[in-house]
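Q: Just dropping this structure here.
The values are calculated or read from the model by the stated rules, or taken from the named source; none is laboratory data. Just so it is clear, the structure is predicted and the values come from calculations on it, not from any experiment. Virtual Cβ from ideal backbone geometry, glycine too; neighbours counted across all protein chains shown. The accessibility values were calculated without ligands, DNA or RNA, using every heavy atom of the protein model including side chains. Shrake-Rupley method; radii C 1.70, N 1.55, O 1.52, S 1.80 Å.
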There are 2 protein chains.
Amino acid sequence: MHRRTKQRRVILEELAKVTTHPTASDLYEMVRRRVPLISLGTVYRNLDLLSREGAVQKFEFAGSKTRFDATVARHNHVRCMECGRLDDLTELADDGVDDRAIELNGYRILGRRIEFFGLCPQCRERCEEIENT
Amino acid sequence: MHRRTKQRRVILEELAKVTTHPTASDLYEMVRRRVPLISLGTVYRNLDLLSREGAVQKFEFAGSKTRFDATVARHNHVRCMECGRLDDLTELADDGVDDRAIELNGYRILGRRIEFFGLCPQCRERCEEIENT
DNA sequence: GTGTTTGCAAACGTTTTGCACAGGT
DNA sequence: ACCTGTGCAAAACGTTTGCAAACAC
């Protein structure tokens, strides 16, 4: 069985503190303030273990680093193409995508991921200013 | 202006030959049969250039290598979680996802990507056999 | 001739792994 | 005492980049 180590506990605690979606090295820096000698490898190993247990969610986004989230409830994301900011989209939990079509391809569907991308409020404003010049 | 080099031409020709979604190194192996001294770096540089030109599509899938496609029309994908196989889903081009909700978050949405994942026909059969044992 | 493109190899950033030791049970 | 988890460093992985030579225009 899995043992309750200080490293594992602090990683989970630090992840639960934030609503951002930290990467493994973000978390490494956060945890290091409380467990100075922790190694990045340990952070990776624990995040992997915790995500397999279902205690954290792991998001492997297209074209960027893996991000982690202590919020386990299902939700989709928007990424800003300009600054890289990542936001939750809780309202779109039920996305209305039709599953039947995929049955036609002979696949047994186990899940789906929707990623939206665009401009966040700040970058949008900045871009629109430039457009109007 | 861009020059018409043998390497670039052969990369595009080989990519157009297949309906799979080769990675850069898959393509490197394919092209190498015709241009033995080509380097992997050249394949990457040309795929990048061709995708910026819109001649090929680049798919940066979550948690896996970037794949390329000479079919430019918009379509979604299913990935097999067991064997990694990747299929097109042309029928689901209009996915029915509601865009209005995202406007509420203040984002200007420029695109979305839907990835389905599950078991392909072959792996599905194999898994169901094991389940029934 | 000029400037782009190439092959090669080294560098890169993220993630994984091998190892001997520390520490939870 | 066992055997999982750790720190460290090196390796692995896909991708990018610096360079001098080669080539398209």
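Q: Just the number please: accessible area per residue for the protein assembly as shown, 1.4 Å probe, all protein chains included, in Å².
A: Roughly 59 Å² per residue, with all protein chains present.
Q: Using the Cα centre of the protein assembly as shown as the reference point, and only Cβ charges (+1 on K/R, -1 on D/E), how large is the resulting charge dipole? Debye, rounded to the nearest 20.
A: Dipole size: approximately 1620 debye.
Q: Rounded to the nearest whole Å³, what is the per residue volume of the convex hull around the Cα atoms of the protein assembly as shown?
A: Output value, Cα hull per residue: 199 Å³.
Q: Using a 1.4 Å probe on protein heavy atoms only, how many Å² of accessible area do A and B hide from each other, summed over both chains and rounded to 100?
A: 3600 Å²
Q: Percent of accessible area on the protein assembly as shown owned by carbon and sulfur, 1.4 Å probe?
A: Of all accessible area on the protein assembly as shown, carbon and sulfur atoms account for 50 percent.
Q: Where the label is 7 Å out from Cα toward Cβ, how close does A:Thr71 come to the same position in every other copy, in nm, shortest first?
A: Nearest to farthest, the other copies are at 3.6 nm.
Q: Sorted by mean Cβ packing within 10 Å, highest first, what order do the peptides B:33-44, A:20-31, B:14-25 take?
A: In decreasing order of mean packing, B:33-44, A:20-31, B:14-25 become A:20-31, B:14-25, B:33-44.
Q: In nm, one decimal, shortest first: how far is the label point of A:Glu29 (7 Å from Cα along Cα to beta carbon) from the matching points in the other copies?
A: 3.9
Q: In addition: From the helices alone, meaning DSSP H stretches of at least four residues, give me the mean residue ellipticity at 222 nm for the protein assembly as shown, per-run term -39500 (n - 2.57), in deg cm²/dmol to the nearest 500.
A: Mean residue ellipticity, 222 nm, calculated: -11500 deg cm²/dmol.
Q: Right, another one. Would you mind listing the distances between the A:Ala16 label point and the same position in each other copy? Use 7 Å along Cα-to-C-beta, nm, one decimal, shortest first.
A: Once sorted, the set of distances for A:Ala16 reads 5.8 nm.
Q: Let me ask something additional. Are there any residues in region A:48-75 with a reduction of at least 10 Å² in accessible surface when going from the isolated chain to the assembly of protein chains? Probe 1.4 Å, please list them by number.
A: Hits at the 10 Å² cut-off: A:Glu60, A:Ala62, A:Gly63.
Q: Can you compute the FRET efficiency between A:Cys83 and A:Asn132 using 1/(1 + (r/R0)^6), with r the Cβ-Cβ distance and R0 = 30 Å? Round to the nearest 0.05.
A: My answer for the efficiency is 0.90.
Q: From the residues A:Leu15, A:Asn132, A:Phe116, which one has its Cα farthest along the dipole of chain A in the positive direction, the dipole being from +1 and -1 charges on Cβ of Lys/Arg and Asp/Glu about the Cα centre?
A: Looking along the dipole axis, the top candidate is A:Leu15.
Q: Sticking with this one: Expressed as a fraction of 2.2 N^0.38 Å, the rule-of-thumb size for a compact globular protein of N residues, what is the C-alpha radius of gyration of region A:9-70?
A: After normalising by residue count via 2.2 N^0.38 Å, the value is 1.01.
Q: Which whole number gives the average count of other chain Cβ atoms within 10 Å of the Cβ atoms across peptide B:115-123?
A: If you average over the peptide's residues, the count of other-chain Cβ atoms is 5.
Q: Still on this structure: Using Cα-only point scatterers and the Debye equation, what is log10 of I(q)/I(0) for chain A at each q in 0.14, 0.19, 0.21 Å⁻¹, rounded to two decimals?
A: For chain A at q = 0.14, 0.19, 0.21 Å⁻¹, log10 I(q)/I(0) is -0.78, -1.11, -1.22.
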